[in-house]
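The values are calculated or read from the model by the stated rules, or taken from the named source; none is laboratory data. All values derive from a computational prediction rather than experimental measurement. Don't worry about glycine lacking a Cβ; one is built from the backbone with ideal geometry, like all the others, and counts go over all protein chains shown.
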Amino acid sequence: MALPSTVLVTGGCGFIGSAFLRRLVPEHPEIAWVNLDALTYAGHQGNLATIASAPNYRFVHADLRDAKATSEAILVHRPDWVFHFAAESHVDRSILGPGDFIQTNIVGTYNLLEACRAVWGDPEDRLFHHVGTDEVFGSLGETGLFSETTPYDPHSPYSASKAASDHLVRAYFHTYGLPVKVTNCSNNYGPYQFPEKLIPLMILSAMEGKPLPVYGQGTNVRDWLFVDDHVEAIWSVATRGRLGQTYNVGGDCERQNLDVVKTICAEVALATGKSFLEIQKQIAFVPDRPGHDHRYAIDASKIRTELGWRPKETFESGLRKTVAWYLANPEWVDSVRSGRYRDWIEANYGERAGR
């Protein structure tokens, strides 16, 4: 595909979207990059401080749940390509309050698809790239891998809402000829990830002497993907993948949750000079969450075979970079922990918020 003149990215102030923009805005100065973000508690313009003044970057404050604002953004900027990162993405919060997940992940995706369909009369050299998750596939046993043909079996309001958005995107390809591609990724980690997620939560709690809560016995397994590897995979699919196709993106890093937490303890101890054994004593087993999937693991052979992509980071090398980043950026941590996130949790969930 020919490279676009204008790209619109939804959720570009979030974790993965901001990594995508930090990489590609300077790499492609010939492209105009438009970042549409609602700036909910987990979206921060500070994530893009390194590119905020770039002449080819523009920020638009809009919410995908607002059909009129979404349509206006597409009409005004007329992007050739759209990368759809924006989503409510935390499983625990979806259990406490599923409504936001339905409205953002399903209705918001519908509004964006409709806005693109209205503007893209000629689909040639257009692209709607939808960023999905492996959680839509449900839970694996001790063996096996998720492939692109694995039947969907979501078990949480979050994964159900993302499954619905995947289906909508594919339906617009088959029904209306909208040029789409879909990627489903495993668990991401890396710098700038919001501290409600497992790895940054454990890094920060380990450094601060707080409990390290582990669900059940910590035997649940996830496949971990360093965020910069994910960005490379998305761009590879966008520029060289086949229209209408889905590509699974995994990190080849299956780990039990307890092993992840122990590795974080070791890395924090190494980076700070604290005692590994003392940090490990902070691990606290807590009751498992409802519908907790046992194991996720990605078969990424399709993207490897067709596009030559494979992750560059091992779990250990990526985690070391991540720990070092959080240690070096306490101001960012303080800014995202304060204000809107704390107020939002208290206003919506009160004492039910827990972790």
**Asked** In region 21-50, which residues are over 24 Å from Asp66 (Cβ atoms) and either free of Cβ contacts under 8 Å to residues at least 12 places away in the same chain or touching a strand residue (DSSP E or B) at 6+ places or on another chain (Cβ under 8 Å) (or both)?
**Response** Leu24, Val25, Glu27, Ile31, Ala49
**Asked** Quick check: is even one residue across region 118-135 assigned to a loop (DSSP other than H, G, I, E, B), over 23 Å from Asp229 (Cβ atoms), among the charged types (D, E, K, R) and in contact with a strand residue (DSSP E or B) (Cβ under 9 Å, 6 or more places away or on another chain)?
**Response** yes
**Asked** Which one is surrounded by the most Cβ atoms within 10 Å (Cβ to Cβ) among residues in region 308-355 that are modelled with pLDDT of 85 or more and of a type in the set (S, T, N, Q)?
**Response** Thr322
**strands (runs of 3 or more DSSP E) contained in region 28-98 and holding at least 1 residues of a type in the set (Ser, Thr, Tyr) and in contact with a Leu (Cβ under 9 Å, 6 or more places away or on another chain)** = 57-61
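Residue-by-condition table, conditions (1) of a type in the set (D, E, K, R); (2) more than 21 Å from the chain's Cα centre (by Cα):
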site	(1), (2)
Gly216	no, yes
Ile234	no, no
Thr239	no, no
Thr246	no, no
Glu254	yes, no
Val260	no, no
Gln282	no, yes
Asp288	yes, yes
Arg295	yes, no
**Item:** Conditions (1) in contact (Cβ under 8 Å) with a residue 60 or more places away in the chain; (2) over 13 Å from the mean Cα position of the chain (by Cα); number of the one not met by His167
**Value:** (1)
**Prompt:** Which pairs do you get when a residue that is free of Cβ contacts under 8 Å to residues at least 12 places away in the same chain, found in region 66-87, comes within reach of a residue that is surrounded by fewer than 22 Cβ atoms within 10 Å (Cβ to Cβ), reach meaning Cβ atoms under 7 angstrom, with the pair 6+ apart or on two chains?
**Reply:** Ala69/Ala62; Ala69/Asp63
**Request:** Show the residue pairs that are 6+ apart or on different chains and have beta-carbon atoms under 7 Å apart, the first residue being within region 229-241 and at negative phi and of a type in the set (Ser, Thr, Tyr), the second being surrounded by fewer than 24 Cβ atoms within 10 Å (Cβ to Cβ) and outside any helix (DSSP H, G or I).
**Result:** Ser236/Trp309; Thr239/Met1
**Asked** Using beta carbons and a limit of 8 Å, which pairs, at least six apart or on different chains, have the first residue in region 276-302 and touching a residue at least 60 places away in the same chain (Cβ under 8 Å) and within 18 Å of Leu96 (Cβ to Cβ) and the second one in a loop (DSSP other than H, G, I, E, B) and charged (D, E, K, R)?
**Response** Val286/Arg355
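Per-residue answers, yes or no, for (1) β-branched (Val, Ile, Thr); (2) farther than 25 Å from Asn257 by Cα; (3) touching a Leu at 6+ places or on another chain (Cβ under 9 Å):
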| residue | (1), (2), (3) |
| --- | --- |
| Asp288 | no, no, no |
| Gly291 | no, no, no |
| Lys302 | no, yes, no |
| Thr314 | yes, no, no |
| Leu319 | no, no, no |
| Ala324 | no, no, no |
| Glu331 | no, yes, no |
| Arg337 | no, no, yes |
**Request:** Just need a number here: residues in region 135-159 that are in contact with a helix residue (DSSP H, G or I) (Cβ under 9 Å, 6 or more places away or on another chain) and either of a type outside the set (A, V, I, L, M) or more than 30 Å from Asn220 (Cα to Cα) (or both).
**Result:** 16
**Message:** Can you find, within region 105-151, the residue that is nearest to His77 (Cα to Cα) among those that are without any contact (Cβ under 8 Å) to a residue 60 or more places away in the chain and among the hydroxyl-bearing types (Ser, Thr, Tyr)?
**Reply:** Tyr110
**Prompt:** Of the residues Met202, Met207, which is within 23 Å of Asp92 (Cβ to Cβ), among the hydrophobic types (A, V, I, L, M, F, W, C) and surrounded by fewer than 24 Cβ atoms within 10 Å (Cβ to Cβ)?
**Reply:** Met207
**Residue list for region 161-189, filter: part of a loop (DSSP other than H, G, I, E, B) and surrounded by fewer than 24 Cβ atoms within 10 Å (Cβ to Cβ)** = Gly177, Leu178, Pro179
